Amino acid sequence: MTRPVVVTGIGLVSSVGEGVAAHLQALASPAGQRIDTDRFAPYPVHPMPPIEWDRHIAKKSDQRQMEPWQRLGVYTAGLALEAAGLKDDAEAKARMQMIVAAGGGERDYAVDGQILTGLRNASDPGAFLNERLMSDLRPTLFLAQLSNLLAGNISIVHGVTGASRTFMGEEMCGVDALRIAQARIASGQVDAMLVGSSYNAERADSILIFELGGYLWKQPFAPVWERPERGGGLILGSAAAFLVLESHEHAARRGAAIQAELKPVQAARTRRDREAVASTLERLWRESGIGPDAIVLSGATGVAGATEEERSALSALAPQSKLHALGDLLGHPLEATAPVGAAIAAALVAADHSSEAVATAIGHRRGEGLVRMVRAQ
């Protein structure tokens, strides 16, 4: 049995703003990016917009115990549930399952700094480190928030209490969250799922990690497609996207407004030999059955190699299509890349900009994905 899988709720937040309308407007007029070039200079970031957290995280105590990436994700999940007409439906949320794509939780910078400073003068660095780790660890027994706390807080705040899973693995975990959710609903294993991710780019530890890998853009802003010829690099962006996915029958039965249909999600993982990205994208494109007039939303990073190959492949595969580089608007949100692309693709279809929209999620170093939204029948 294969059932159509539809989108009934879209939650979306990025530096562009909050909600579907802000993102569609940004696509139409892409000149107004919000970029912070000062806080982490020389590394620009697309920052989180101002958010009225109380709208979807009512308790101040809940807000205080979450770091920014969790607040952003929990808030955006609330947007999706509200859009689907399920925010106040406790019975439906109790049955709803959830898949969250998440990276490592945010670190406690104060403890990190104290430990590193103390190690310099410790007579026995090993004993000092063990002692501080035993006394300074968070209650989670980790120097960072655990990745599955986002799903846990969505359950607590919004009452989504069906089975939940948390995937890790940079861009590909966002692709797989959508892929597996779509497959489970299509196969009849579950009727409704909440799927998404959030990423906080405004973190010194994330910037350090990407700079050590040589992936960051350190020059004045340049569009994604132009960066490779100047050395390449990505600009991180704070963003979150959650989708309520349902079987078409389930959505129709409760009278939900259907935004788009999510087709089977394509995923691959290559060794990134020369032309591997282009050939893999061509294969995924053929397997998806994408039409010639689809709007294409690229999650390209701007990192040299993969970015040129993706642009070349897309130019050949969809020469007549409108092509948008989401990184130009909202930066690169890592784990949230595929969910953000999927959310905007569904919004474009729902707003009748096209009968079909496709989002790519080509990782900065490994992993390739393709998400296709079409007008629901």
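The values are calculated or read from the model by the stated rules, or taken from the named source; none is laboratory data. These numbers come from a predicted model, not from an experiment. Neighbour counts run over all protein chains shown; Cβ positions are idealised from the backbone, glycine included. Quick note on the areas: whole protein, heavy atoms, side chains included, nothing else; ligands and nucleic acids left out. Shrake-Rupley method; radii C 1.70, N 1.55, O 1.52, S 1.80 Å.
Residues in the chain average 42 Å² of solvent-accessible surface per residue, probe 1.4 Å, ligands and nucleic acids excluded. DSSP finds beta bridges in the chain, and of those with both partners inside it, around 65 percent are antiparallel. Express in whole angstrom the spacing between the alpha-carbon centres of the stretch 250-310 and the stretch 180-208. Comparing the Cα centres of the stretch 250-310 and the stretch 180-208, I get a distance of 16 Å. What the phi angles of the stretch 177-188 give under the Karplus curve with 6.51, -1.76 and 1.60, with θ = phi - 60°, is a coupling list of 4, 5, 4, 6, 4, 4, 5, 5, 5, 4, 7, x Hz, glycine and proline written as x. Annotation: amide H-H contacts under 5 Å for ALA325 (H modelled 1.01 Å from N, sequence separation of 5 or more, or interchain): SER298. Farthest towards the positive end of the charge dipole of the stretch 129-259, among the residues LEU234, PRO220, LEU194, is the Cα of LEU194, using unit charges on the Cβ of Lys, Arg, Asp and Glu. The share of accessible area on the chain that comes from carbon and sulfur is 50 percent, using a 1.4 angstrom probe. 3J(HN,Hα) along the stretch 366-372, derived from phi through the Karplus expression 6.51 cos²θ - 1.76 cosθ + 1.60 where θ = phi - 60°, amounts to 7, x, 9, x, 9, 10, 10 Hz, with x in place of Gly and Pro. Gaussian network model of the chain, Cα springs within a sub-10 Å range: biggest mean-square fluctuation belongs to which of VAL244, VAL190, VAL296? Between VAL244, VAL190, VAL296, it is VAL190 that shows the largest mean-square fluctuation. Just checking the listed ones, GLY11, GLY103, GLY169: in the Gaussian network model of the chain with Cα springs under 10 Å, the one fluctuating most is GLY169. Measuring between their Cα centroids, the stretch 55-117 and the stretch 214-240 lie 28 Å from each other. Taking a ≥ b ≥ c as the square roots of the eigenvalues of the alpha carbon gyration tensor, the stretch 263-377 is prolate, as a/c is not under 1.5 and a/b beats b/c.
Going by the alpha-carbon gyration tensor, a ≥ b ≥ c the square roots of its eigenvalues, is the chain rounded (a/c under 1.5) or, if a/c is not under 1.5, prolate (a/b greater than b/c) versus oblate? Judged from the Cα gyration tensor, the chain comes out oblate (a/c at least 1.5, b/c at or above a/b). Computed with a 1.4 Å probe on the full set of protein chains, the accessible area for GLU249 sits at about 120 Å². Temperature 20 °C, viscosity 1.002 mPa s: under these conditions the Stokes-Einstein estimate for the stretch 173-224, based on its Kirkwood radius over C-alpha pairs, is 150 µm² per second.
Highest mean first, how do 231-237, 55-61, 200-206 rank when packing is the count of other Cβ atoms within 10 Å averaged over residues?
Result, highest mean Cβ count within 10 Å first: 231-237, 200-206, 55-61.
Here the dipole of the stretch 116-231 is about 100 debye; that uses its Cα centre as origin and unit charges on the Cβ of Lys and Arg (positive) and Asp and Glu (negative).
Where both bridge residues fall in the stretch 69-214, DSSP classifies roughly 10% of the beta bridges as antiparallel. The dipole here belongs to the chain: it is taken about the Cα centre, uses +1 on the Cβ of Lys and Arg and -1 on the Cβ of Asp and Glu, and is about 420 debye.
Projecting the Cα positions of ALA325, PRO264, ALA313 onto the charge dipole of the stretch 242-330 (unit charges on Cβ atoms of Lys, Arg, Asp and Glu, taken about the Cα centre) puts PRO264 furthest along the positive direction. Applying a threshold of 23 Å to the alpha-carbon distances of LYS218/LYS322; LYS87/LYS263; LYS59/LYS93 flags LYS218/LYS322; LYS87/LYS263 as lying beyond it. By its C-alpha gyration tensor, with a ≥ b ≥ c as the square roots of the eigenvalues, how is the stretch 321-377 shaped: rounded for a/c under 1.5, else prolate for a/b larger than b/c, else oblate? Prolate is the answer for the stretch 321-377, as a/c is 1.5 or above and a/b outweighs b/c. Between ALA92, ALA222, ALA127, the GNM of the chain built on Cα springs shorter than 10 angstrom shows ALA127 fluctuating the most.
Using a simple charge model, +1 on the beta-carbon of Lys and Arg, -1 on the beta-carbon of Asp and Glu, nothing else, what dipole does the stretch 251-326 show about its Cα centre, in debye to the nearest 20? The calculation lands at about 340 debye.
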